[in-house]
Amino acid sequence: RMGRPFTKIFREERERPVIIGVDQSRSMFFGSQIAFKSVVAAEAAAIITWTTVDNGDRIGGVVFAGAGQELIKPRRSKRSALRFLNALAQYNQELVHSHASTNTPTATTENYLLKALEQIYRITKPGSNVYIISDFIDFNPECARYLQQLALHNSMTCVLIYDALEENLPRPGVYGITD
């Protein structure tokens, strides 16, 4: 129609890796309204995971807690998504069992969020979508440095999971309990 050759160049959209970091530490084993914070975090991660699979992108992530962390490298398959969600479910169940076996909180100086951010930084390639789902209780300046480095070349989304009771804790004192 134009009387001369016409070339149209298409740039195919490549599959973007999606990295999800999910906190399943003891601080997430709390909830006063609808569900525990750990369950809300797992549900949010599951929604992101299945949306990623539907978009045809690669999915991977880190599930971290006091017992350690599980790293799933990004892959484009339902099997990778199921492996990530299975690790998330196992850590969530370990939270219940560890809480039932020990009723006394253990003071620790380890920063699980920092270790997870180090892992995420190590496996993330530029152009990735990164989601961090946590209550950010362990957040410190070193964590902020990792988040800034990740945000330079990636799309970063931090999801704060909190409970309304944590914002307005009752005054300390003696409370009578009746049944």
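The values are calculated or read from the model by the stated rules, or taken from the named source; none is laboratory data. Keep in mind the model is a prediction, meaning the values are calculated, not measured. Note that each Cβ is placed from the backbone with ideal geometry, even for glycine, and that neighbours are counted across all protein chains shown. We work out accessible area using only protein heavy atoms, side chains counted, and drop any ligands, DNA or RNA first. Shrake-Rupley method; radii C 1.70, N 1.55, O 1.52, S 1.80 Å.
A compact table of results
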item: Chain lengthening between residue 4 and residue 171 when straightened (0.36 nm per residue, less Cα-Cα); result: 52.1 nm
item: Computed label-point distance, nm, for sites residue 94 and residue 178 using a 7 Å Cα→Cβ extension; result: 4.4 nm
item: Potential lengthening between residue 158 and residue 71 on full extension [0.36 nm per residue; Cα-Cα distance subtracted]; result: 29.5 nm
item: Lys pairs, the chain - Cα-Cα below 21 angstrom, 8 or more residues apart or on other chains; result: 5
item: Cα-centred dipole magnitude for the chain, charges only on beta-carbon of K, R (+1) and D, E (-1), debye, nearest 20; result: 1400 debye
item: Virtual spin-label span in nm between residue 137 and residue 44, 7 Å along Cα→Cβ; result: 1.6 nm
item: Trypsin sites (Lys or Arg not before Pro) restricted to DSSP loop in the stretch 1-89 with at most 11 other C-beta within 10 Å; result: 1, 8, 11, 14
item: Whether the stretch 20-59 is rounded, prolate or oblate, judged on the alpha carbon gyration tensor where a/c under 1.5 counts as rounded; result: oblate
item: Accessible area (Å², 1.4 Å probe, nearest 10) - residue 40; result: 60 Å²
item: Interchain or long-range residues, amide H under 5 Å from residue 132's placed H; result: 21, 157, 158, 159
item: Anisotropy class of the stretch 39-88 from Cα gyration tensor, a/c 1.5 cut; result: oblate
item: Alpha-carbon centroid distance for the pair the stretch 16-35 / the stretch 74-99, whole angstrom; result: 12 Å
item: Residue range of the chain that is longest and free of GluC sites (Glu not before Pro) which are both DSSP loop and sparsely packed (at most 14 other C-beta within 10 Å); result: 16-109
item: R0 of 22 Å, Cβ-Cβ distance residue 82-residue 123: FRET efficiency to nearest 0.05; result: 0.70
item: Expected-Rg normalisation [2.2 N^0.38 Å, Cα atoms] applied to the chain; result: 1.29
